[in-house]
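What follows is a set of notes on a single structure, which appears directly below.
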Amino acid sequence: MQTLPEIISILRHLLKLQIDNTQGYEQPIMQNLNRIYQLIIVDYNVYRSNVAALLDALDCEGDESLSYTIKFFLDMLDYTTDQEPFKPFDESIVNEDLPKNIDEVYYEIIRKNFKENNKPRLSEFLTRFLPADMPTLRGLMNLTIEMMHHNADIANWNKDQIDAAFMTILLGRGISKQLDQLEIYYMGIGIFLERLVTSGQAQMARNICEECILAAYNDGIPEYGFYLSFKAYSVMANVHGGLLYGSLCMTCLLGKQNINVKLIKQLHIASLKFFRNIGLHNVMKNLYEQYEQAGFWTGYERRTNLHTYLSSQLSLVDPNLPDELLKVLSAEKDEILSGPEECMPWLTLLHNVKRLYPNADFTEQGLGFYFRKMTEIVPGASIQPIVNIIEGDVKSLKDMLKTEILKLQNTNNKADFVFDNSMAIKIANRLLPNGDTEDFLVSMSLKADYSLIFENKKSSEVIFFQTEDVNAEDFYKVLKDPKKQVIKISSSFEAEFVWIALSERDVYYLHYNGEYQQGKLESWEFERFKQWRTELSKKMQFDTTTKSRSGEVRNVYPEEFEQEGEALQNQLDFVRLPVGKGAIPLFLIKDTELSRLPHNLVLNGDGKFIALERPIVNIMSLDWQDKVMDEPGLPVDFSKSIWIPTEAQDFVIAQLYAKLEHCLIAENFMINQKSVIDVPLSSSIDIICSHGDQEIYRYHSFFQNQDQSLHVSEAIVEKGDVLILFVCHSGSMQEDIFRNQTDSLIRHYFDLGFKAVIAPFWALHLYIPPIWLPVFLEQLKNGGNIATAVFNANRKVFEQYPTPAAWACMHLYGNGLMKINN
């Protein structure tokens, strides 16, 4: 019989096979998912021992698992919803009047319970000194639930509010167990976990989720622990975590009778928010419409779902949203205007509509009436921080961004960081248009993919609850000052910097060449960029021959290549950076949302290709460059290795080897021609030659021929300083659909320790490497740095083929200043 770790390993393998073969593995993948989910919930120790491996398997292979995990989730939601009759949810306890002096009883119990226990754990905490009489116990439970929801209308809690809520949760479990009211208790915890996330304490929320799962197992209702985790991961927009915990919750319900209707409804409410938050708006819409008329909704729950649906339309900037919103507010006026908790989400939506729809009717006869009334109802302290973000209030956002980044230092794992940073990036986007130089640099520390330098932290198996106050004034005590980093780099090596960032379809730049200059890129046209990036591969096709009108094959003339370059310059005049000519390298730092913009094709202020006039390097981020610049350069007798699998009998690879052979032998390369590499490359300079497809940035696979492939997880290279990829599309990038990071093959090699990666952004013609490689190596041997060597190698290709499809193909990422040690 297969063990659970073995089945998880099989699932990972099946997902990889599905990528390579595109069909035929759907059924075994779904069967293995079902087996894994049913086995992993058997007990807490089995879950805890295997959940990390399962999440890793689901999170790899370019999110290939999503089509299956979403289908499983939705099928389970349908099945669970059909398991009527449901047990009514007993909320009578919250409708009772609080006994006299119950506050005094409550605080006396707190004083006695927390006198000696300063680091309590939810799963182990035993509430002592509880009264024996039932009315007082019920009053304590009622007060506990009320206090759990205290400050629910405030999105960002401070340390005191978080600590007070956690103390309430600790006491509440013991009270609810004595009353046999565990279901209402676990339902009440949800708001606490939500507020931890919205307060920038996502790591603490994950820690408490684990405690909730353990406590729920101990209480015999593990489905509630998984439900709470699903709710928290939904707020984080953590796609794989959300789907996993939601599915585990519903798997726990299989075969159970009299499921609590409240749990079913909350699963639906959280599901709508989950699919909205991860950007799968069509899935959210279909789910909303499918269950919109279900008979189990209360008025408040129905309005909650309606708000989720409308806020999803906001993300799409649906032109009909203002009119739809006005109809809803008019129909539900009395209920929505009944208090702060009802008003808060709708007022937030109105603020967003007011900014994004300048022609919306905000008169007293339209949305303006509701805007005014809700502003009167919702406390300013609750809504103002959200308004500051929406309206881009620079003064408030400066400190807010720093505090959010400081809170991110608590995140343990890179896999979580790329979700946890969402609020900080949202603030950065609103700050960029009007912020100063420091604001731009701090914003770009996140928007240029900070996850590249993020290092996983060791986390303890024992989870204690601990929060700390965060002060923006402490920012540079914890993190490096970006202005000092710029001075350090530019004083050590002569270089010029340009940062470019996308904020709501506009591009803003920061230029440093001894002094700072920043502004909005006036030439930018988002729609042209959007159209151009979809046509990139087609526009950048290169060939040395063409057919004449008579059908004869002839060589392409140099003048025709030059005309291609001029035409492309005209097409790219929307991305003209305010830099001039010069010989010193230009360090470009791009927002992840501009990942699909090849830096070799960026134009200068005169409308000319920068990469033809000076070295240009995508250094990934200022923090990354600062991290690697002090590391040793190449040794004088730097070693060189290449994997070029001629053994696979692929015609193009064989041709490429024939053209490179003389150079490889003359330069003393260690040459590996095996189809499946046996000894990983580990030289100072490593080269991989193979085929790659247009989605290599996602799937990270090399193809030796039509039938054979190798994934990067298989040991092709072990270590090195510089990696050269003669692999089509291997230098391409794209912003990740679900995470705040860049999708690219080269990220994998930076994680392995490479300091510079050189790779083609589009298809690489086999004529280019034989021209390019000898020049690159000669420049290095003569003392040039990587940036200059790539620049001169690309110029050599230009001399023979003056079209960007050829000379601009090889892009440099990372530390372009590295050279042979003196």
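The values are calculated or read from the model by the stated rules, or taken from the named source; none is laboratory data. Predicted model only: the values in this text are computed from it and were never measured. Cβ placement follows ideal geometry from the backbone for every residue including glycine, while neighbour counts extend to all protein chains displayed. To get the accessible areas, we keep the full protein, side chains included, count just its heavy atoms, and leave off ligands, DNA and RNA. Shrake-Rupley method; radii C 1.70, N 1.55, O 1.52, S 1.80 Å.
Leaving out ligands and nucleic acids, note down the accessible area per residue over the range 37-92 with a 1.4 angstrom probe, in whole Å².
Here the residues of the range 37-92 average 46 Å² of exposed surface.
Expressed as a rounded percentage, what relative contact order does the range 164-228 have, with Cα pairs under 8 Å and six or more residues apart?
It comes to 27 percent, rounded to a whole number.
Could you rank the peptides 482-490, 303-311 by their average count of other C-beta atoms within 10 Å per residue, with the highest value first?
Numbers: 482-490: 16.8, 303-311: 19.6.
In descending order of packing, they fall as 303-311, 482-490.
Which of the helices in the chain, when you take each full DSSP H run, stretch at least 27 Å along the axis at their Cα atoms and have an average Kyte-Doolittle score of -1.0 or higher?
Within the chain the helices that satisfy the rule are 159-179.
With only Lys, Arg, Asp and Glu charged, each at its Cβ (+1 for the first two, -1 for the last two), find how big the charge dipole of the range 263-314 is about the Cα centre; round to the nearest 20 debye. The partial results should precede the final answer.
Working: 6 positive and 3 negative charges, 22 e Å.
Around 100 debye, computed over the range 263-314.
Let me check I've understood the local charge: for GLU496, count other residues with C-beta under 13 angstrom from its C-beta, Lys and Arg +1, Asp and Glu -1. What total comes out? Could the numbers behind the result be given before it?
Working: positive: LYS581, ARG614; negative: GLU494, GLU515, GLU613.
So the surrounding residues net to -1.
When averaged across all projection directions, what area in nm² does the alpha-carbon convex hull of the range 79-172 cover?
The Cα convex hull of the range 79-172, projected and averaged over all directions, gives 8.9 nm².
Out of residues 5 or more away from ILE619 or on other chains, whose amide H comes under 5 Å of its own, with H placed 1.01 Å from N in the peptide plane?
Placed amide hydrogens put LEU588, GLY814 under 5 Å from ILE619.
Across the range 507-631, how many lysine pairs separated by 8 or more positions, or lying on different chains, have Cα atoms within less than 23 Å?
Qualifying lysine pairs in the range 507-631: 17.
Once Rh for the range 700-776 is found with the Kirkwood sum over Cα pairs, what is the Stokes-Einstein diffusion coefficient at 37 °C and 0.692 mPa s, in µm²/s?
Reported coefficient: 239 µm²/s.
How large, in percent, is the carbon and sulfur part of the accessible surface of the range 72-208 at a probe radius of 1.4 Å?
48
Find, among the trypsin sites (Lys or Arg not before Pro) in the range 46-124, those assigned to loop by DSSP (not H, G, I, E, B) with at most 11 other beta-carbon atoms within 10 angstrom.
LYS100, LYS115
When the helices in the chain are scored as -39500 (n - 2.57) per DSSP H run of 4 or longer and the sum is shared across all residues, what 222 nm value do you end up with, to the nearest 500 deg cm²/dmol?
Roughly -16500 deg cm²/dmol at 222 nm, from the helical runs in the chain.
With contacts defined as alpha carbon pairs under 8 Å and 6 or more residues apart, what's the relative contact order of the range 54-190 in percent?
Here the relative contact order equals 25 percent.
Pairs LYS159/LYS477; LYS402/LYS483; LYS398/LYS426; LYS395/LYS488: which are spaced more than 22 Å apart, C-alpha to C-alpha?
Distance filter (> 22 Å) returns LYS395/LYS488.
If you put +1 on each Lys and Arg Cβ and -1 on each Asp and Glu Cβ, how big is the dipole of the range 709-820 around its Cα centre, in Debye rounded to 20?
Details: 8 positive and 9 negative charges, 70 e Å.
Magnitude of the dipole: close to 340 debye.
Compute the signed sum of charges (Lys and Arg +1, Asp and Glu -1) over the other residues within less than 15 Å, Cβ to Cβ, of VAL387. Spell out each step's value before the answer.
On the way: positive: LYS354, ARG355, ARG372, LYS395, LYS426, ARG430; negative: ASP153, GLU376, GLU391, ASP393.
Residues near VAL387 contribute +2 overall.
Among ALA215, PHE703, THR127, whose Cα lies farthest out toward the positive end of the dipole of the chain, if unit charges sit on the beta carbon of Lys, Arg (+1) and Asp, Glu (-1)?
The Cα lying farthest towards the positive end belongs to PHE703.
With charges only on Cβ, +1 for K and R and -1 for D and E, what is the dipole size of the chain about its Cα centre, in debye, rounded to 20? Working shown, then result.
Working: 78 positive and 109 negative charges, 148 e Å.
Charge dipole of the chain: 720 debye, to the nearest 20.
Eight or more residues apart or on different chains, and alpha-carbon atoms under 19 Å: count the Lys pairs in the range 217-337 matching that.
10
Rounded to the nearest 5, what % of the DSSP beta bridges within the chain are antiparallel ones?
Numbers: 28 of 57 bridges.
Close to 50 percent.
Arrange the peptides 603-610, 444-451, 266-273 so that the one whose residues have, on average, the most other Cβ atoms within 10 Å appears first. Mind showing how you got there, number by number?
Details: 603-610: 17.1, 444-451: 24.5, 266-273: 22.1.
The densest-packed peptide leads the list: 444-451, 266-273, 603-610.
Hey, can you find the accessible area per residue of the range 131-187 for me, probe 1.4 Å, expressed in square angstrom?
Each residue of the range 131-187 exposes 37 Å² on average to a 1.4 Å probe.
Taking only C-alpha pairs under 8 Å that are 6+ residues apart, what is the relative contact order of the chain in percent?
9
Specify which residue in the list GLY605, THR788, HIS811 is farthest towards the positive end of the charge dipole of the chain, using unit charges on the beta carbon of Lys, Arg (+1) and Asp, Glu (-1), about the Cα centre.
The residue sitting farthest along the positive end of the dipole is THR788.
For the range 388-523, with every protein chain kept in place, what is the accessible area per residue (1.4 Å probe, Å²)?
46
Residues with amide H under 5 Å of LEU681's amide H, sequence separation 5 or more or different chain, H placed in the peptide plane at 1.01 Å from N; which?
Those qualifying (amide H under 5 Å, at least 5 residues apart or on another chain) are VAL717, GLU718.
Taking the range 295-364, which GluC sites (Glu not before Pro) meet the DSSP loop condition and have no more than 14 other C-beta atoms within 10 Å?
Counting only loop positions with at most 14 other Cβ atoms within 10 Å, the GluC sites (Glu not before Pro) in the range 295-364 are GLU364.
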